[in-house]
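Visitor: The structure under discussion is supplied below as structure tokens; questions concerning it will follow.
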Amino acid sequence: MNTPTVSSAVSAEPFADTGKGSPRAPDVGWPGRAPLPLRRPRTVLAVSLLFLVVAAAVAGGTLKALKAGGFDDPSTDSAAAAQLLREKFPTAQPNLFVLVRDDSGDAADPAAVRVGRAVVKQLSHRPGVHLVASYYRTPSPALRSADGSVGLTAVNVAGDQDAAGRIVAALHTRLAGGHDGVQVRFGGITQINNDLNDRTAQDLTVAESVALPLTLLLLVLVFRGVVAALLPTAVGVVAILGALAVLRCVAAFTSVSVFSTTLITALGLGLAVDYSLLIVARYRQERAQGGGDQAALLRTLRTAGRTVLFSATIVATVLLTLVIFRLYFLRSFAYAGVATVAITVLGALGPLPAALLLLGDRVDAWRLGRPPTVRSAPEQRLWGRIAGGSMRRPALCGLAVAAGLVMLALRLGHAQFGIPDERALPKSAESRQASEVLRSAFPGSQASDALTVVAPSWSADPGGTALSAYARALSGVPGIDRVESAEGGFAAGHPAGPPMPGLRNGRAIRLDVRTRVVPFSDTGSRLAERVRAVPVPGGRRVYVGGLAAQLKDTTSSLASGLPLALGLTVLITLVLLLLATGSVLLPVKAVLFNALGLTGVLGAMVWVFNDGHLSWLLGFTPSPLALTMPVLLVCVAYALSMDYEVFLLSRIKERHDAGDDTEHAVRAGLGESGPIISAAAGLLAVSFFAIGLSGVSLAKFFGLGTGIAIVMDAVLIRGVLVPAFFRLAGRAAWWAPARWRRTTS
């Protein structure tokens, strides 16, 4: 059998390798029969096409099945308080505010009154909607803005976040907008969540419309051919649609955050490019050395395929650690990430080799230009020379990069954390505009949101003495202005008014804690602690809820899960890299370098999103960082950095095992894998930067932060720190106990 001509589309990669100076992979036989993609390529492609059609059909309704919340722990005190309030005091904390504004500037204008009363009538007749207060039912001055232009209606919509959101969406469609010179706007947490859902869905479409064609264009330039560039794009599309379908199925059994779809888009396309580039590059090299297409693919799957499998295992298992956290926002990214990685690696090791085998030289179709001829040895190419430069001055280069990353990491000391609010939305969002009016014109509308105390069963209390004593004690806590109870109002430990109606429902009681403390702040969190420390008469069980308590509980929940998540992540990395490299020191180095890079990235994100630098350019409002976002960014970026760690170390180890000394193995290994890593990292970063175009600051933080982490890792960590480490460590880099070496060899 004659050796077929090497496809110029495949060999036209800028990282092409003629095999000169490169050790050939052992021509080992595949255990048993050849893998299915090489025995039944048409069957594999047919099954893949069928999967794509089914996945596309199932994925169509994914966004409607997902939710916008998940930022609190359902097992906490504040979550129990919120549930009790929904059950026992449905009008306690309105979750929807309707603002009626007349263009003439008078909320009492006949046209505004007519529209306002029509809104109230529609709300009153809707099942599950409880009218708390309305200027157009009881024209109280407190329900009219100071300038007289806005009339307020406060509503509580029953049900969980999902059910309430559907009711509010239907009401919004019917009532919101302009009505003969009168504007009706919706605000409140339920409308904010709906706007986050809608905006995320829109931004996902935008990200895909930007990332897919741009990635395809860049792939055409990388491969110098259209057909070859379509292969990784096809794997990415299958991964995205397949993961969305999986997410919809998961959402039928548990709550899933809508924000997790952003990870699917970027990760599916990015990993498809990563794995496809690695496999096609190695296939080109093996094919050039003869033996036929099938033999070349067999050797490719034994080398690059093994690397892909190891890399995918690390990425998936690191992402899986997010299920440790009890916030379904983070758990959702575990579901999305593992599904995406699994489908991507199946696509890269199944349909991709099958397509390469069937296409043969036709993968060269629609070639752009003549393929470059690479004649230099790997260590003489760009990345080999970069590695050589780092190894000539390892201490200087390593310290310079490390110092820069440490300087960025120092910004973490200025970080402020909170829970997402309307500031996560763009200024044009209706619920954000309504919330700004509420804060400025109706400061009392959210006065009890910071803290609320509720008891499901306040036992026998003759004369209400125990309740009065408890309310009196609460009012004496520094930072609390007033406490309202069923036995009266109290301020600074003294009676301050008659009982308020609606604070008792059977044996359940509620106390409204009035404070001017900003809820989502360290001060608010400390105030929640002080309130919980107040002794309750008779050992009765009370729950402290509200926004300040939610922040405190969420912080504690994340802090309790973080050590286990970090410990498992480090353990997984050490074990898998030990198996991959046979070295004890290299896995430790990988963990430390990744930690250094990620703390630097987080510091940069604090400088941008917390401090507000570049907010004018990026289009967001500076605010405390959402507690969950740094955890998510670190997990995803760490997993992806390990992707490139495996790519690089596998090539260096292959050289070292073939007899090269450490310095030459590093230079040649980086010379061979560096172009693949840089091309893959650049294309993956494009996918995440496309997420950064989102108008939702949460997605913007995640997309920009992860994209920067990918670029920084590929250039500074892999290009500078890793070669410097190998030069300083020398032969010790490969050390392992003899027993371990036998196990991993």
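The values are calculated or read from the model by the stated rules, or taken from the named source; none is laboratory data. Quick caveat, the model's predicted, so the values are computed rather than measured. Here the Cβ positions follow ideal geometry from the backbone for every residue, glycine too, while neighbour counts run over all protein chains shown.
Visitor: Exactly one of these conditions fails for residue 698: (1) in contact with a Lys or Arg (Cβ under 6 Å, 6 or more places away or on another chain); (2) of a type outside the set (D, E, K, R); (3) closer than 26 Å to residue 68 by Cα. Give me its number.
Guide: So residue 698 meets the others, but not (1).
Visitor: Taking into account only those residues within region 440-450 that are in contact with a helix residue (DSSP H, G or I) (Cβ under 7 Å, 6 or more places away or on another chain) and part of a helix (DSSP H, G or I), which is modelled with the lowest pLDDT?
Guide: First, pick out the residues of region 440-450 that are in contact with a helix residue (DSSP H, G or I) (Cβ under 7 Å, 6 or more places away or on another chain): 444-446, 449-450.
Checking which are part of a helix (DSSP H, G or I) leaves us with 444-446.
Values: 444: 63, 445: 61, 446: 58.
Across region 440-450, the extreme among qualifying residues is 446.
Visitor: May I ask you to say which residue of 585, 627, 602 is closer than 24 Å to residue 561 by Cβ, assigned by TED's automatic domain parsing to the domain that holds residue 561, surrounded by 15 or more Cβ atoms within 10 Å (Cβ to Cβ) and at pLDDT 90 or above? Talk me through it step by step, then tell me what you get.
Guide: Working: 585 fails: closer than 24 Å to residue 561 by Cβ; 627 fails: at pLDDT 90 or above.
Only one candidate qualifies: 602.
Visitor: Out of the residues in region 393-421 meeting the condition of being small (Gly, Ala, Ser) and closer than 25 Å to residue 695 by Cα, tell me which one is nearest to the chain's Cα centre (by Cα).
Guide: We begin by selecting, within region 393-421, every residue small (Gly, Ala, Ser); these are 395, 398, 400, 402-404, 409, 413, 415, 418.
After this cut, where a residue has to be closer than 25 Å to residue 695 by Cα as well, the list is 415, 418.
Working: 415: 19, 418: 16 Å.
Looking at residues that are small (Gly, Ala, Ser) and closer than 25 Å to residue 695 by Cα, I get 418.
Every residue, every condition in (1) surrounded by fewer than 22 Cβ atoms within 10 Å (Cβ to Cβ); (2) touching a His at 6+ places or on another chain (Cβ under 8 Å); (3) of a type in the set (Gly, Ala, Ser); (4) without any contact (Cβ under 8 Å) to a residue 24 or more places away in the chain, yes or no:
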| residue | (1), (2), (3), (4) |
| --- | --- |
| 622 | yes, no, no, yes |
| 652 | no, no, no, no |
| 698 | no, no, no, no |
| 703 | no, no, yes, no |
| 712 | no, no, no, no |
| 728 | yes, no, no, no |
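Visitor: I'd like to verify a number: residues in region 480-492 that are under 15 Å from residue 89 (Cβ atoms) and either of a type in the set (Lys, Arg) or assigned to a loop (DSSP other than H, G, I, E, B) (or both), how many? Working first, answer last.
Guide: Start the filter on region 480-492 by keeping residues that are under 15 Å from residue 89 (Cβ atoms), which leaves 484-486.
Now drop any that are not either of a type in the set (Lys, Arg) or assigned to a loop (DSSP other than H, G, I, E, B) (or both), which leaves 486.
Of the residues in region 480-492, 1 are under 15 Å from residue 89 (Cβ atoms) and either of a type in the set (Lys, Arg) or assigned to a loop (DSSP other than H, G, I, E, B) (or both).
Visitor: While we're on this one: Any idea which of (1) at pLDDT 90 or above; (2) buried (at least 24 other Cβ atoms within 10 Å of the Cβ); (3) out of contact with any Ser or Thr (no Cβ under 8 Å at 6 or more places or on another chain) is the one residue 716 doesn't satisfy?
Guide: (2)
Visitor: Okay, moving on. Check region 374-391 and report whether any residue there is surrounded by fewer than 24 Cβ atoms within 10 Å (Cβ to Cβ), within 23 Å of residue 47 (Cβ to Cβ) and at pLDDT 85 or above.
Guide: No, region 374-391 contains no residue that is surrounded by fewer than 24 Cβ atoms within 10 Å (Cβ to Cβ), within 23 Å of residue 47 (Cβ to Cβ) and at pLDDT 85 or above.
Visitor: Among the candidates 508, 559, 580, which residue alone is over 30 Å from residue 709 (Cα atoms) and either in contact with a Ser or Thr (Cβ under 8 Å, 6 or more places away or on another chain) or free of Cβ contacts under 8 Å to residues at least 40 places away in the same chain (or both)?
Guide: The unique qualifying residue is 508.
Visitor: Pull out all pairs, ordered by first then second residue, where Cβ-Cβ is under 6 Å, the residues are six or more apart or on different chains, the first lies in region 461-479 and is part of a helix (DSSP H, G or I), and the second is of a type in the set (D, E, K, R).
Guide: Final answer for the pair search is 464/487; 467/461; 467/487; 468/487.
Visitor: So if I check each of 437, 453, which one is touching a strand residue (DSSP E or B) at 6+ places or on another chain (Cβ under 8 Å), surrounded by 15 or more Cβ atoms within 10 Å (Cβ to Cβ) and either not aliphatic (A, V, I, L, M) or not in a helix (DSSP H, G or I) (or both)? Explain how you work it out, then say what you get.
Guide: Working: 437 fails: either not aliphatic (A, V, I, L, M) or not in a helix (DSSP H, G or I) (or both).
Among 437, 453, only 453 is touching a strand residue (DSSP E or B) at 6+ places or on another chain (Cβ under 8 Å), surrounded by 15 or more Cβ atoms within 10 Å (Cβ to Cβ) and either not aliphatic (A, V, I, L, M) or not in a helix (DSSP H, G or I) (or both).
Visitor: List, please: which pairs have Cβ atoms under 7 Å, are six or more places apart or on different chains, and start with a residue in region 668-692 that is within 23 Å of residue 726 (Cα to Cα) and end with one that is among the acidic types (Asp, Glu)?
Guide: 668/379; 668/660; 671/379; 672/17
Visitor: Mind listing whichever residues of region 88-104 are at pLDDT 85 or above and more than 16 Å from residue 143 (Cβ to Cβ)?
Guide: Matches in region 88-104: 88, 89, 95.
Visitor: Something else now. Give me a count of the residues in region 47-70 that are free of Cβ contacts under 8 Å to residues at least 40 places away in the same chain and of a type in the set (D, E, K, R).
Guide: Residues that pass the stated criteria total 1.
Visitor: Restricting to region 583-619, and then to whatever is in contact with a Pro (Cβ under 8 Å, 6 or more places away or on another chain) and in contact (Cβ under 8 Å) with a residue 60 or more places away in the chain, can you tell me which residue is farthest from residue 662 (Cα to Cα)? Explain how you work it out, then say what you get.
Guide: Taking region 583-619 and keeping what is in contact with a Pro (Cβ under 8 Å, 6 or more places away or on another chain), we get 584, 602, 605, 609-612, 615, 619.
Still in the list and also in contact (Cβ under 8 Å) with a residue 60 or more places away in the chain: 584, 602, 605, 609-611, 619.
Working: 584: 16, 602: 33, 605: 36, 609: 42, 610: 43, 611: 44, 619: 48 Å.
That would be 619.
Visitor: Here's a follow-up. May I ask you to verify whether residue 312 is modelled with pLDDT under 90 and part of a helix (DSSP H, G or I)? Break it down into steps so the answer makes sense when it comes.
Guide: Numbers: modelled with pLDDT under 90: no; part of a helix (DSSP H, G or I): yes.
Judged against the criteria, residue 312 is not a match.
Visitor: Looking at 301, 320 in this structure, which one is assigned to a helix (DSSP H, G or I), free of Cβ contacts under 8 Å to residues at least 40 places away in the same chain and on the phi < 0 side of the Ramachandran plot? Talk me through it step by step, then tell me what you get.
Guide: Details: 301 fails: free of Cβ contacts under 8 Å to residues at least 40 places away in the same chain.
Of the residues listed, the single one that is assigned to a helix (DSSP H, G or I), free of Cβ contacts under 8 Å to residues at least 40 places away in the same chain and on the phi < 0 side of the Ramachandran plot is 320.
Visitor: Taking the criterion of being touching a helix residue (DSSP H, G or I) at 6+ places or on another chain (Cβ under 6 Å) and free of Cβ contacts under 8 Å to residues at least 60 places away in the same chain, would at least one residue in region 565-576 satisfy it?
Guide: Applying the first criterion (touching a helix residue (DSSP H, G or I) at 6+ places or on another chain (Cβ under 6 Å)) to region 565-576 yields 565, 568-570, 572-574, 576.
From what is left, the residues that are free of Cβ contacts under 8 Å to residues at least 60 places away in the same chain are 570, 574.
There is at least one residue in region 565-576 that is touching a helix residue (DSSP H, G or I) at 6+ places or on another chain (Cβ under 6 Å) and free of Cβ contacts under 8 Å to residues at least 60 places away in the same chain.
Visitor: If we keep just the residues of region 493-541 that are in a helix (DSSP H, G or I) and among the small types (Gly, Ala, Ser), which is surrounded by the most Cβ atoms within 10 Å (Cβ to Cβ)?
Guide: Pass one, region 493-541, residues in a helix (DSSP H, G or I): 522-533, 537-539.
The next check asks that each one be among the small types (Gly, Ala, Ser); those that pass are 524-525, 528, 533, 538-539.
Details: 524: 23, 525: 22, 528: 26, 533: 8, 538: 11, 539: 7.
So, considering only residues that are in a helix (DSSP H, G or I) and among the small types (Gly, Ala, Ser), the one surrounded by the most Cβ atoms within 10 Å (Cβ to Cβ) is 528.
Visitor: Output the residues belonging to region 284-295 that are modelled with pLDDT under 85, in a helix (DSSP H, G or I) and not basic (Lys, Arg). Break it down stepwise before answering.
Guide: Kept after step one, since they are modelled with pLDDT under 85, are these residues of region 284-295: 284-293.
Okay, now just the ones that are also in a helix (DSSP H, G or I), so 284-288, 293.
Residues satisfying the conditions are 285, 286, 288, 293.
Visitor: Output the residues belonging to region 175-207 that are in contact with a strand residue (DSSP E or B) (Cβ under 9 Å, 6 or more places away or on another chain), aliphatic (A, V, I, L, M) and surrounded by fewer than 20 Cβ atoms within 10 Å (Cβ to Cβ).
Guide: 175, 176
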